[in-house]
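A.B. asks: One structure coming up, written as structure tokens, with questions to follow.
The values are calculated or read from the model by the stated rules, or taken from the named source; none is laboratory data. Keep in mind that what you see is a predicted model, and the values were worked out from it rather than measured. Please note: Cβ atoms are built from the backbone with ideal geometry, for glycine as well, and neighbour counts cover all protein chains shown. Note: accessible area is taken over every heavy atom of the protein model, side chains too, but ligands, DNA and RNA are not part of it. Shrake-Rupley method; radii C 1.70, N 1.55, O 1.52, S 1.80 Å.
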Amino acid sequence: MSEDDKARPQEQPFRIQPMPNWRENAYLDLFYGHLDGIEAASGTLPTWPPEALRTAMAQIDALHFHWPEAIWRGPSGRVTAKSLIDFTRLLTETRRMKRPIFWTVHNLRPHEGAATGDWLGGLLLGRFADLLICHDPQTAKKARARFHPRGEVVVMPHGNYGNAFPPSRPADGVRRELGLDPDRPVLSIIGLLRGYKGFDVALAALRDLPGVQLLIAGTPHETFDLGALKAAAAAQSDVHIVARRLSEQELSDYHGASDLVLLPYRNITGSGALLTALTLHRAVVTSDLPFFSWMLEGHPAAGRTARAGTLAETIHAMLNVPADEREAAAGRLASRYDWSKCAASVAPALLRHLAGTHHRVIRE
């Protein structure tokens, strides 16, 4: 490098501010970590008053919303006239400062139900956003119809979790620790306990699967009726519930102790739980939602979709596939969603909007 080159300010990556910046979610680190020329800002953005927002905005190149209901609902956790006005101010100020706005539509509506204010928040963001990123084509179609975005809509598959989890401990030992029979098949539903996850459907299917055990493990959401789940589980044998936060080691162990992971969800447009299972080489049986159908297409040994009435039949068919074949198929499917490939599908659109709005911030 010449002396002139050394003296010249070095071009830095575009800096994007995730909104909200939930960095304990591995998705964010994996997504931004695979975007050449782009980095995620650390910390959070003061959304108001205007002076604090403008000062912070001068150090970033764009806003990127991931779970925006956490922003438009405000500190109270519910939509109010004030929270919507504050959200509108944030979007307006971002536009005034010529920063592009991106939105990854992880969910078309909040998991625990949407109020009228959530619909308005989505319409606002859809009108202001320069780019919407969806995890499957059907969600992209629905997002266009629901939010009437003025900006571009692109599809980016949800990536796998790479090396985010430690290796699983031996399955037999983990099963014994959980009170499970190591010699009988284990189904599992692992992750946050939330109402849309179809526990009742799984319990109904279990009645038609004699000798099969079901493990339900994860933190109950604040709105989840854990008592009702425990009561329903108590009426059946071979249901084991671990209702608490899981460590990464436990998350890995519980998947490793499972023959199949169940996702009988009622209404989602993306699922980190699916990619977690595949990353840990566990085959899945899901409900027949468009996201699952699209992600699993052409890989029947790694995962199959089923309607509620045929869930037991599909599980039975999957258990008849040799375990090593299922695991190898799940691993191959996970590699299809390597983050380097997924991020590459959206990086050109992100960079085009960043470069076209204003000059990249140059830092001495």
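A.B. asks: Among the residues of region 120-130, is there at least one that is touching a residue at least 12 places away in the same chain (Cβ under 8 Å) and not in a helix (DSSP H, G or I)?
C.D. replies: Checking region 120-130: at least one residue is touching a residue at least 12 places away in the same chain (Cβ under 8 Å) and not in a helix (DSSP H, G or I).
Matching residues to (1) of a type in the set (S, T, N, Q); (2) in contact (Cβ under 8 Å) with a residue 24 or more places away in the chain; (3) open to solvent by less than 30 Å² (accessible area, probe 1.4 Å):
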residue: TRP48; (1), (2), (3): no, yes, no
residue: ASP61; (1), (2), (3): no, yes, yes
residue: PRO68; (1), (2), (3): no, yes, yes
residue: LYS82; (1), (2), (3): no, no, no
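A.B. asks: If ASP136 satisfies every condition in (1) touching a helix residue (DSSP H, G or I) at 6+ places or on another chain (Cβ under 7 Å); (2) open to solvent by 20 Å² or more (accessible area, probe 1.4 Å); (3) of a type outside the set (Lys, Arg); (4) in contact (Cβ under 8 Å) with a residue 40 or more places away in the chain but one, which is the exception?
C.D. replies: Of the numbered conditions (1) touching a helix residue (DSSP H, G or I) at 6+ places or on another chain (Cβ under 7 Å); (2) open to solvent by 20 Å² or more (accessible area, probe 1.4 Å); (3) of a type outside the set (Lys, Arg); (4) in contact (Cβ under 8 Å) with a residue 40 or more places away in the chain, the odd one out for ASP136 is (2).
A.B. asks: Can I ask one more? Do we find that GLY173 is within 21 Å of VAL105 (Cα to Cα) and open to solvent by less than 40 Å² (accessible area, probe 1.4 Å) in this structure?
C.D. replies: So GLY173 fails the test.
A.B. asks: Then there is this: Quickly run through region 183-204 and pick out the residues that are open to solvent by 30 Å² or more (accessible area, probe 1.4 Å) and part of a loop (DSSP other than H, G, I, E, B).
C.D. replies: Of everything in region 183-204, those that are open to solvent by 30 Å² or more (accessible area, probe 1.4 Å) and part of a loop (DSSP other than H, G, I, E, B) turn out to be ASP183, ARG184, PRO185, LEU192, ARG194.
A.B. asks: Looking only at region 205-228, count every residue that is more than 15 Å from ALA312 (Cα to Cα), hydrophobic (A, V, I, L, M, F, W, C) and open to solvent by 10 Å² or more (accessible area, probe 1.4 Å) and tell me the total.
C.D. replies: 3
Residues checked against (1) open to solvent by 20 Å² or more (accessible area, probe 1.4 Å); (2) under 19 Å from ILE189 (Cβ atoms); (3) over 20 Å from the mean Cα position of the chain (by Cα):
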{"site": "SER252", "(1), (2), (3)": "no, yes, no"}
{"site": "SER258", "(1), (2), (3)": "no, yes, yes"}
{"site": "LEU262", "(1), (2), (3)": "no, yes, no"}
{"site": "HIS281", "(1), (2), (3)": "yes, yes, no"}
{"site": "PHE292", "(1), (2), (3)": "no, yes, no"}
{"site": "HIS299", "(1), (2), (3)": "yes, no, yes"}
{"site": "ALA306", "(1), (2), (3)": "no, yes, yes"}
{"site": "ILE315", "(1), (2), (3)": "no, yes, yes"}
{"site": "ASP324", "(1), (2), (3)": "yes, no, yes"}
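A.B. asks: Also, I was wondering about something else. What tally of residues in region 84-118 results from selecting those that are part of a loop (DSSP other than H, G, I, E, B), surrounded by fewer than 20 Cβ atoms within 10 Å (Cβ to Cβ) and among the aliphatic types (A, V, I, L, M)?
C.D. replies: 4
Here's the yes/no breakdown for (1) under 26 Å from ALA329 (Cα atoms); (2) aliphatic (A, V, I, L, M); (3) in contact with a Ser or Thr (Cβ under 8 Å, 6 or more places away or on another chain):
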{"residue": "ILE190", "(1), (2), (3)": "yes, yes, yes"}
{"residue": "ARG207", "(1), (2), (3)": "no, no, no"}
{"residue": "LEU229", "(1), (2), (3)": "no, yes, no"}
{"residue": "GLN249", "(1), (2), (3)": "yes, no, no"}
{"residue": "LEU280", "(1), (2), (3)": "yes, yes, yes"}
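A.B. asks: Using the structure shown, decide if ALA334 is open to solvent by 10 Å² or more (accessible area, probe 1.4 Å), in contact (Cβ under 8 Å) with a residue 12 or more places away in the chain and among the aliphatic types (A, V, I, L, M).
C.D. replies: So ALA334 fails the test.
A.B. asks: Return only the number of the condition from (1) touching a helix residue (DSSP H, G or I) at 6+ places or on another chain (Cβ under 7 Å); (2) basic (Lys, Arg); (3) open to solvent by less than 70 Å² (accessible area, probe 1.4 Å) that ARG15 does not satisfy.
C.D. replies: Against the list (1) touching a helix residue (DSSP H, G or I) at 6+ places or on another chain (Cβ under 7 Å); (2) basic (Lys, Arg); (3) open to solvent by less than 70 Å² (accessible area, probe 1.4 Å), ARG15 comes up short only on (1).
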